[in-house]
Amino acid sequence: MDRRWNFPTHVPQASELDRGPAVLHYHRAVTNQQLLLSIDADLPGANAAIRLVNDFLLRRRRKSFSNVLFWNSRYAMHPELGSGVGSRGSTLRRKQEMLSHLVNLLGIESIADVGGGDGRTASALPRDIAVHAFDIAATARELYLEAVPQATWSLHDILKASPAARTDLVVCLDVLIHMSDVDEYLRAVENLCKCPVPLLISGFDAAPVETGTMTYFHEPLSQSLARCRRVVIPIGAYRGLCVLVAFPPSTGIHPRDVSDRTLSQAVPLLRDPSGLLEALVRSRKVLGFFPDHLPRCLEYPWVAAQLGTAPPGGGRVLDAGAGVSVLPVLLAERSWDVVTADPHPVVRNGMRRETWNEWGFLDYHELDPRIRSLHVPYEDTADETLDAVVSVSVVEHLPAAVRRVWFGTAARQLSMGGRIILTVDTVPFETTLWNYSEGCKVEDQTVHGEVCSIAGELEDAGFKVTLCEHLPWLPQSRVGMARYVAVRR
């Protein structure tokens, strides 16, 4: 047979045989992208034919990418590459960190890992976490089970059905970006969302600058998830992909719990939505609800981020007018010695939790032994020695004279460099302070003050204001918000 009709590319060939091959015989001479390898430079005809084939494959791949064929070949021929650059090095470590953090935060005991490839991401999980792997590539099975010994593995196509497993969390990282057909992409999202549990998922949330030979953008992933009535909170990103946690629709766990609508409106206003995720999960677990008030979605994560983790030698913080809030718990979990003070006559301890709201005195020590609670006005805590004072949406509910007493109390309690961190409600599109407390007017507005009044009062009390910012309007809220950080001089 003329060598043109059976030209091997996997073994050396004499140059005189290079007469424009029509059929290439390549065996395993393919790249890790499953394209044909070029051969000796002295064979221009053969290399031209290889380029012609590769160009055809790439054009075809842009229109229709076979995930079954590609990934079965990848794990069989190039197992050391795993799922590509996103499954190795710093990107792998980032994915492992996000998965481990979410598992710890949500108290997850089992996950369904859809399209987990060689299992490297799930391999970082503790061995007591049950893992159920689902993949279309049969050649990935041995690799996955070697990486995650406690796992079970099923051959499964997410386009055909939702994962059939009882689980606490569905994980689907770097899968949807390889679906070339928009209908298949949407069907995969729909099947993933049929599982009535949180979903950790990654994909394009905006059109990328460019896509590779096997990645595709159809629409923002958050938009696809919202169509399935998922509440989406971004928690990170890598290599142009956004990592999202998508919660199923709220089931009314508490009459005061935050609505899906409020959460969805709050997320775009946050610099780091992962802080809201932590506050939401911890509040629902400890208190039974997260307040359905959009400013709280911004305030709790912001205050916690401002304080950060307690210094190595320890630090004491007092939450003035704490009410019923997740903030003291968040601070205790950051190693702060936390004290709360609130004089409200309604004591929430002993009451049914479905009757709780943000107002009232709560002895947090019953919920978390690291917290000490004082049932007194903040100004009666002068004997406390502190490193920080925080107060969320409280001082605007006080008469201006009492507010100034508070600032004087904080100045006496804090050592040099100690901080006071405040959030304050304002009248929408005005700089005037909100002037109501539990539905009753506090005092004449001319006395009550404006955003700049608080900054001046802090300076007069011995602080240097390092941050004063005003958000004059918030969606689905009757108030704006001012935020302050001041340091004791």
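Would you confirm whether any residue within the stretch 367-383 is of a type in the set (Val, Ile, Thr) and more than 25 Å from residue 297 (Cα to Cα)? Yes, because at least one residue in the stretch 367-383 is of a type in the set (Val, Ile, Thr) and more than 25 Å from residue 297 (Cα to Cα). If you go through the stretch 119-137 one residue at a time, do you hit one that is within 21 Å of the chain's Cα centre (by Cα), surrounded by 15 or more Cβ atoms within 10 Å (Cβ to Cβ) and among the polar types (S, T, N, Q)? Checked the stretch 119-137: at least one residue is within 21 Å of the chain's Cα centre (by Cα), surrounded by 15 or more Cβ atoms within 10 Å (Cβ to Cβ) and among the polar types (S, T, N, Q). Within the stretch 21-43, the presence of at least one residue that is outside the structural domain of residue 142 (by TED's automatic domain parsing), touching a residue at least 60 places away in the same chain (Cβ under 8 Å), at negative phi and in a loop (DSSP other than H, G, I, E, B) is confirmed.
Residue-wise test of (1) more than 26 Å from residue 313 (Cα to Cα); (2) crowded, with 18+ Cβ neighbours inside 10 Å; (3) β-branched (Val, Ile, Thr); (4) without any contact (Cβ under 8 Å) to a residue 40 or more places away in the chain.
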residue: 383; (1), (2), (3), (4): no, no, no, yes
residue: 412; (1), (2), (3), (4): no, no, no, yes
residue: 418; (1), (2), (3), (4): no, yes, no, no
residue: 454; (1), (2), (3), (4): yes, yes, yes, no
residue: 457; (1), (2), (3), (4): yes, yes, no, no
residue: 470; (1), (2), (3), (4): yes, no, no, no
residue: 484; (1), (2), (3), (4): no, yes, no, no
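Restricting attention to the stretch 242-256, the residues that are touching an Asp or Glu at 6+ places or on another chain (Cβ under 9 Å) and at pLDDT below 95 add up to 5.
When the stretch 149-204 is filtered for residues that are of a type in the set (A, V, I, L, M, F, W, C), closer than 28 Å to residue 60 by Cα and free of Cβ contacts under 8 Å to residues at least 24 places away in the same chain, only 155 remains. Going by the structure shown, is residue 11 of a type outside the set (Ser, Thr, Tyr), more than 26 Å from residue 154 (Cβ to Cβ), assigned to a helix (DSSP H, G or I) and at pLDDT 75 or above? Against the criterion (of a type outside the set (Ser, Thr, Tyr), more than 26 Å from residue 154 (Cβ to Cβ), assigned to a helix (DSSP H, G or I) and at pLDDT 75 or above), residue 11 does not qualify. Looking across 216, 185, one residue alone is in a helix (DSSP H, G or I) and among the aromatic types (Phe, Trp, Tyr). It is 185.
Answer yes or no: is there a residue in the stretch 329-344 that is surrounded by fewer than 16 Cβ atoms within 10 Å (Cβ to Cβ) and under 24 Å from residue 434 (Cβ atoms). Yes, some residue in the stretch 329-344 is surrounded by fewer than 16 Cβ atoms within 10 Å (Cβ to Cβ) and under 24 Å from residue 434 (Cβ atoms).
The values are calculated or read from the model by the stated rules, or taken from the named source; none is laboratory data. Bear in mind that the values here come from a model prediction, so they are computed numbers and not experimental data. Cβ: placed from backbone, ideal geometry, glycine included. Neighbour counts: every protein chain shown.
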